[in-house]
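Single-structure report; data block below.
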Amino acid sequence: MGKTMRNLLLTLRFLGGRYCGFQVQKNGLSIAEVVQDAAEAVLGHRPPIKGCSRTDAGVHALGFGLSLKTDNPIPAERLPLAMNAHLPEDVAVAACVEVPEDFHARYSAIAKEYIYRIHNSPCRHPFWEGRALRHGPTLDVAALNEQAADFIGRHDFSALCSAGSSVENRVRHVQSCRLEREGELVTFTVVGDGFLYNMVRIMVGTLLDIGSGRIPPGSIPDILLSGDRRRAGHTAPAHGLYLSRVFYPGMDTGSIVNERS
């Protein structure tokens, strides 16, 4: 009898600072490459992997979903420790569960949560260098939350999509959107059914430009209706962005990790 093929969902955490993004590329080291190297070392074959998102160079992740198929019988709960022994220190598998044969880390996702971290201080903090955007002027989080609420709903987000995107349908549903302060750290959190190229970073840049007075308060609805990228704010740097969790029917990568912690 042949070995049974299994479909596994891995939850990854990584710091993206030294990587060219998730997808394998010719111009640099990718998250996918180091994950496949580790999987090959443990499973005895190099499995094709399906990521929940491409992610740009420098973007981090707390709950990145990745699926792969293998006939290796290693128990799912043992795979994280086994793979982590072969991964660099800035990439780790946090959890692994078996999923149905037709499950796909990207196409089975029903929503994603991103966070963007802002170190709101004129003085640099070594811990947040490369992991949060340092923004000197004090942010009025309550006022910016009133502005951020205008992103919520189903809209054409063409004005918040960087040039170079080939996606034709740019309508997305933002389910929630908020900013929270904890000391010097301000965290922007957004949940939606999908995101366009650089969309979250442009959302953050637009809010920061409103906070600095470069864009008038109350402009977001008109910016969205215009579909004009030039009307929106700047693209915030990649190093403050984290893919926080991916939602799948009946589960999400955040709860999978918590259940196994």
### Summary
Those residues of segment 159-209 that are assigned to a strand (DSSP E or B) and among the β-branched types (Val, Ile, Thr) come to a total of 7
### Query
What number of residues in segment 209-244 are touching a residue at least 40 places away in the same chain (Cβ under 8 Å) and closer than 21 Å to residue 154 by Cβ?
11
### Query
Hey, any hits in segment 74-90 for a residue that's out of contact with any strand residue (DSSP E or B) (no Cβ under 6 Å at 6 or more places or on another chain) and among the small types (Gly, Ala, Ser)?
yes
### Message
So for segment 146-156 (the condition being assigned to a helix (DSSP H, G or I) and surrounded by 21 or more Cβ atoms within 10 Å (Cβ to Cβ)), does at least one residue qualify?
### Response
yes
### Query
Restricting the search to segment 210-252, which residues are crowded, with 20+ Cβ neighbours inside 10 Å and among the charged types (D, E, K, R)?
245, 252
### Task
Please specify each residue of segment 59-92 satisfying the condition of being under 14 Å from residue 39 (Cα atoms), hydrophobic (A, V, I, L, M, F, W, C) and surrounded by fewer than 23 Cβ atoms within 10 Å (Cβ to Cβ).
68, 74, 76, 81, 82, 85, 87, 91, 92
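Coordinate-derived values only; no laboratory data. What you see is a predicted model, and the numbers here were worked out from it, not measured in a lab. Ideal geometry is used to build each Cβ from the backbone, glycine not excepted, and the neighbour counts take in all protein chains shown.
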